[in-house]
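The values are calculated or read from the model by the stated rules, or taken from the named source; none is laboratory data. Note that the structure is predicted; figures quoted are calculated from it, not measured. No Cβ is skipped: glycine too gets one built from the backbone with ideal geometry, and neighbour counts run over all protein chains shown. To get the accessible areas, we keep the full protein, side chains included, count just its heavy atoms, and leave off ligands, DNA and RNA. Shrake-Rupley method; radii C 1.70, N 1.55, O 1.52, S 1.80 Å.
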Amino acid sequence: MITDKPVCVTGASGFIAAHIVQQLLAKGYSVRGTVRKSPKNYPFLTGLPGAAERLELFEADLLSEGSYDLAVAGCNYVMHTASPYVINVKNPQRDLVDPAVDGTESVLESCLKAGCVKRVIFTSSIAAITDEPESMKVFTEKDWNTMSSLERNPYHYSKTLAERAAWDFIMRKRPKFDLVSINPFMVIGPSISPSLNTTNQMIRDIMTGVYPGIMDVNWGFVDVRDVAKAHILAMETETASGRYLCSAEEMHMRELVALLKSSGFDNYPLPKIDLSGITGTLLMKALSFTQPRDTGMYIRTNVGRNMRCDNAKIKRELGISFMPTKNSIVETVKNMVKWGHLSSLK
Ligand code: NAP
């Protein structure tokens, strides 16, 4: 263990954060988790092994100044994961950008005030790297998303601005702590909480007939347990620095559907029509205008493009090895059935 002080995890109720909390507790750390409601609302956290002795929950909100002071006071390490992860919102400034950016600054201010923080591990995203894959390019930690805006992929915009705000904070205030960012791609896997995460929902949508056909799109997948592990390695590895792209492997939608079929889920209404050629891509781009605004925008900026990113830095510097995506996808499906997000079609 790198510290005997509690480790603070913001947004502890979240899909990724709940796994961070579980793994920290399993390693013997004491944890302070921040949540938005009264702690009694989180039995999936308070019931984790070790939680009774070593987990404290604090109420905090990204939009309320000074909200994180209490949770951070006395901690050496802070993992800032809290941020809205939703694609379609009414008001992108209010619903995404303000909590992401102001919340990040608020957490960092609390760390500054605390005086004892050594490192902040910031959960950024592939969204801060790019919102539009380029078929000939392999993205790395050096890339920054310069294209998103309030009108164009606003979730990506919120994550880019939040990560920029975090690095700017370090440059401007020169605090005693350093910053390491973890930039995951599509995070899938079993959920500790009963909520359905936005990424797992995409797999559910593929299995429930929401997609008209197989589109020319690919994603980098990474298991939520590996993302949690990456956060803890970023804390425990003294030499960790900068940004870490966190993606196990890329998979085309065609491969994902084939994998679901061959893994015993062929009785679900999986997409059958192949729309992954040039004509299908043109059709999908035309159809995108019938979708909710931000889903439509995502289709127009991602379909027909091949996304590739380089995960060498995280493997080399944090020593992580990723679990096979096939296993994660199968476990994701089983877990969604367990929580009642997907019916069991036996
Ligand atoms: P999640 O389950 O939706 O978790 C988001 C967390 O943020 C929740 O704990 C939520 O609290 C909290 N939050 C949202 N608005 C807040 C506010 N105004 N004040 C305080 N807390 C607030 O999503 P996740 O997938 O675990 O995402 C966690 C982080 O990873 C986010 O920063 C996200 O951008 C990033 N990320 C996720 C993925 C992915 O594929 N899942 C990929 C890359 C990056 P409530 O539970 O109260 O809503």
Cα-based radius of gyration of region 182-227 once divided by 2.2 N^0.38 Å, which approximates compact folds: 1.25
Accessible area per residue, Å², region 234-277 with all protein chains present, probe 1.4 Å: 45
Of every Cα-Cα pair in region 30-86, the percent that sits beyond 17 Å: 41
Förster radius 22 Å - calculated FRET efficiency between residue 36 and residue 113, Cβ distance, rounded to 0.05: 0.55
Mean Cβ neighbour count within 10 Å, used as a protection proxy, ranking 181-191, 105-115, 317-327 highest first: 181-191, 105-115, 317-327
Probe 1.4 Å - accessible area at residue 343, Å² to nearest ten: 80
Cα-based equivalent ellipsoid of region 119-250: semi-axis lengths in Å, sorted from largest, via gyration tensor: 27, 19, 14
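Remind me, what semi-axes does region 271-346 give for its equivalent ellipsoid, largest first in whole Å, using sqrt of 5 times each Cα gyration tensor eigenvalue?
Equivalent ellipsoid of region 271-346: 29, 23, 13 Å, largest first.
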Value of relative contact order over the chain, rounded to a whole percent, pairs C-alpha under 8 Å and six or more apart: 18
Anisotropy class of region 6-155 from Cα gyration tensor, a/c 1.5 cut: prolate
Low-density loop cleavage sites - GluC sites (Glu not before Pro) in region 118-191, where at most 16 other Cβ are within 10 Å (DSSP): 134, 151
Label point distance in nm, residue 237-residue 149, each placed 7 Å from Cα along Cα→Cβ: 3.7
Beta bridges by DSSP in the chain, antiparallel share as percent, to the nearest 5: 10
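Where the convex hull is taken over the Cα atoms of region 197-308, what is its projected area averaged over directions, in nm²?
8.4
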Rough spin-label spacing in nm, given labels placed 7 Å along Cα→Cβ, for residue 178 and residue 258: 4.3
Charge tally in the Cβ shell below 14 Å around residue 32, where Lys, Arg are +1 and Asp, Glu are -1, residue 32 excluded: -3
Stokes-Einstein diffusion coefficient of region 237-286, Kirkwood radius over Cα pairs, 37 °C, 0.692 mPa s, in µm²/s: 231
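Starting from 0.36 nm per residue, how many nanometres of slack lie between residue 210 and residue 168 once their C-alpha separation is accounted for?
Gain on stretching residue 210 to residue 168: 11.1 nm.
Quick one: with all protein chains in place, what share of the accessible area of the chain is carbon or sulfur, to the nearest percent (1.4 Å probe)?
Carbon plus sulfur share of accessible area: 54 percent.
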222 nm mean residue ellipticity, helices alone, for the chain (DSSP H n ≥ 4; -39,500 (n - 2.57); rounded to 500): -11500 deg cm²/dmol
Lysines whose Cα lies under 26 Å from that of residue 118, excluding same-chain neighbours fewer than 8 positions away: 5, 27, 142, 159, 173, 176, 229, 313, 315
Solvent exposure ordering (accessible area, 1.4 Å, most first) of 57, 283: 283, 57
Cα-Cα P(r), region 1-54, percent of pairs per 5 Å interval: 5, 21, 36, 27, 9, 2, 0
Proximal lysines to residue 334, defined as alpha-carbon separation beneath 20 angstrom and excluding residues fewer than eight positions away on the same chain: 261, 326, 346
Rounded tilt (10° steps) of 15-26 against the dominant C-alpha axis of the chain: 50
Debye log10 I(q)/I(0) for region 67-119, one point scatterer per Cα, at q = 0.16, 0.18 Å⁻¹: -0.51, -0.60
Dimensions in Å of the chain - Rg and Dmax from alpha carbons: 19.7, 59
